[in-house]
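Novice: Could you have a look at this structure, given as structure tokens, before my questions?
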Amino acid sequence: MENGYQRLNASALRALAKAFEADPAGDLEDALRDLSMSYPRLRDRVDKRRVKLAAGNKNKQVDCSVYVQPPISQPRLSFPPDLLSSLSSGITTTHIISSLAPQVLATLGISHHDYGGSEIAQVLFRVFSNKEPLALSGQRAIVALSEEVVVKLVRNSSSDELTLLHFLQEHVPTVAAPRPMGFMLVGTISCMFMSRFHGETLKDRWPMMPTREKYAVRLLLNRMLSDLRKVHLPSGSPMGSLSSKQVCKDCRRDLRISSDPIHTEEEFNDFLTHSRTSRASLGYRKWVQSMMRRDHRILLTHGDLHPGNVIISINGAELTLGIIDWEMGGFYPEYWEVLKAMNTRSIDDASDWWEWLPECIMGYDNEILVDRLVESTLL
């Protein structure tokens, strides 16, 4: 079983190397926290396989207790103190952007008669002070309010994701996305309430999955994303997010947001190739732009498809998926889905996830190659 530990350890080192490669001078706290959460679970699976192999060996009696490790306590995620502090100080400046669903109010123990932004914010602050987040990443946290409801907290966030989730619920219900259940601002912190997916991320599950389950995952993702890609940008509408701001986003080393509405792919290409810190001449930038097509279909897109944003649940022969984190989604060129999926791949990433991407988003190798040139020389 040394091979099991060898693969696990190699995967852990690749994850850290990927985070370092993305930003050699950056803070590795998020990567280390993710690793501290996933490593014990994956190690337990290696140990369980070890027990099964030992129990199945009919030629010699094996004391399986030799292979069973004592229970390992999972590290506790602590709520970022500055996020809690901002919530506390923002209680008096609370704005309800989208009404909270009755299920959310009931979960918080608030009746309709007491329904007010400040009251809800005070209840949330008490809840968050005593709750362990399901997930943390930088200045954002996901907290389970119940078995059915979660709330996503993000500093200085927009309602783009909320608007897209409402659109999916009404127009593309076959896509398994969280159901929106309300949105409010507490000072500078946005609180988006939504339905909860049970299971684990594909990022944690994938290394141990057999081939038949990987086929099932690709099939389900392909069905959902095919339905998503049937939705085209309405004529005359700006590209990007569906909210009233209608901006385009591109997240690489940092998040870039278009300052004006973008109506054509030519304008989108100009946005992609422009950087205030670039030393490239105007002539060089126009040369790169000449390699970029301007006639792609503009389709509804998730914009951040990677295993950490897919929740998987397996119950016997039933496998279900849920796609989360839609804040980068909107109307983008048809190649954007696979390009942004590949943006998360480092040169030393040995995972076979990339061989199982949904077929409906593939076929844009030229666009990916040109984008690599854009990223390496212009941004």
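Novice: Applying the Karplus parametrisation 6.51 cos²θ - 1.76 cosθ + 1.60 with θ = phi - 60° to the phi angles of the range 273-286, what ³J(HN,Hα) value in whole Hz is obtained for each residue in order, glycine and proline being reported as x?
Specialist: Coupling constants for the range 273-286: 9, 9, 9, 5, 9, 5, 9, 5, 6, 4, x, 5, 4, 5 Hz.
Novice: Between S235 and S376, with labels modelled 7 Å along Cα→Cβ, what's the label distance in nm to one decimal, could you check?
Specialist: 4.2
Novice: May I ask you to evaluate 6.51 cos²θ - 1.76 cosθ + 1.60, the Karplus curve with θ = phi - 60°, for each residue of the range 225-242 and list the ³J(HN,Hα) values in order in whole Hz, giving x for glycine and proline?
Specialist: Residue by residue, the range 225-242 yields 6, 5, 5, 4, 7, 6, 8, 9, 4, x, 4, x, 8, x, 6, x, 5, 8 Hz.
Novice: Also, quick follow-up: When only C-alpha pairs under 8 Å and at least 6 residues apart count, what is the relative contact order of the range 200-377, in percent?
Specialist: On the way: 230 pairs, mean separation 52.3, N = 178.
It rounds to 29 percent for the range 200-377.
Novice: Within 10 Å, count the other beta carbons around each residue, average over each peptide in 326-334, 233-241, and list them highest first. The partial results should precede the final answer.
Specialist: On the way: 326-334: 24.8, 233-241: 16.7.
Ranking the peptides 326-334, 233-241 by packing returns 326-334, 233-241.
Novice: Using amide H atoms built in the peptide plane, which far-off residues or other-chain residues are under 5 Å from L305 H to H?
Specialist: Residues meeting the amide H criterion: A341.
Novice: Given an 8 Å cut-off on Cα distances and at least 6 residues of separation, report the relative contact order of the range 81-195 as a percent. Don't jump to the answer; show the numbers that get you there.
Specialist: Working: 180 pairs, mean separation 40.6, N = 115.
The value is 35 percent.
Novice: Next question. So how much slack lies between Y115 and N9, counting 0.36 nm per residue of separation and subtracting their Cα-Cα distance, in nm? Walk me through the intermediate numbers first.
Specialist: Values: separation 106, 0.36 × 106 = 38.16 nm, distance 5.03 nm.
Length gained between Y115 and N9: 33.1 nm.
Novice: To continue, here is another question. Please list, in order along the range 149-166, the HN-Hα scalar couplings obtained from phi with the Karplus expression 6.51 cos²θ - 1.76 cosθ + 1.60 (θ = phi - 60°), rounded to whole Hz, x for Gly and Pro.
Specialist: Coupling constants for the range 149-166: 10, 10, 10, 10, 10, 9, 7, 6, 9, 9, 9, 4, 5, 4, 4, 5, 5, 4 Hz.
Novice: Also, I was wondering about something else. Relative to the present Cα-Cα distance, how much length would full extension add between S290 and L16 at 0.36 nm per residue of separation? Present the calculation step by step, with values, prior to reporting the outcome.
Specialist: Values: separation 274, 0.36 × 274 = 98.64 nm, distance 3.65 nm.
Gain in length upon complete extension: 95.0 nm.
Novice: What order, most packed first, do the peptides 339-345, 179-185 have when packing is the mean number of other Cβ atoms within 10 Å of each residue? Please report the intermediate quantities before stating the final value.
Specialist: Numbers: 339-345: 18.1, 179-185: 21.9.
The peptides rank, most packed first, as 179-185, 339-345.
Novice: Here's something else I'd like to know. Expressed as a rounded percentage, what relative contact order does the range 262-359 have, with Cα pairs under 8 Å and six or more residues apart?
Specialist: Working: 84 pairs, mean separation 25.8, N = 98.
Reported as a whole number, the value is 26 percent.
Novice: Further, regarding this structure: Can you tell me the order of 298-311, 193-206, 80-93, 212-225 when each peptide is scored by its average per-residue count of other Cβ atoms within 10 angstrom, highest first?
Specialist: Working: 298-311: 22.5, 193-206: 19.3, 80-93: 15.1, 212-225: 17.0.
With the highest mean Cβ count within 10 Å placed first, the list reads 298-311, 193-206, 212-225, 80-93.
Novice: If you don't mind, another one. Listing C248, C360 from the residue with the fewest other Cβ atoms within 10 Å to the one with the most, what is the order? Could the numbers behind the result be given before it?
Specialist: Values: C248 24, C360 19.
Fewest-to-most ranking of C248, C360: C360, C248.
Novice: Still on this structure, please answer the following. What full-extension length gain, to one decimal in nm, is calculated for S351 and R223 as 0.36 nm per residue of separation minus the Cα-Cα distance?
Specialist: Details: separation 128, 0.36 × 128 = 46.08 nm, distance 2.28 nm.
Roughly 43.8 nm would be gained on extension.
Novice: Note down the Stokes-Einstein diffusion coefficient of the range 200-377 in µm²/s, whole number, using a Kirkwood radius over alpha carbon pairs, 37 °C, and 0.692 mPa s.
Specialist: Values: Rh = 17.5 Å.
Taking Rh from Cα pairs, D becomes 188 µm²/s.
Computed from the coordinates by the stated procedures, all read-outs in this text should not be read as laboratory data. On a predicted model such as this, the values are computed, not experimentally measured, just so you know. Please note: Cβ atoms are built from the backbone with ideal geometry, for glycine as well, and neighbour counts cover all protein chains shown.
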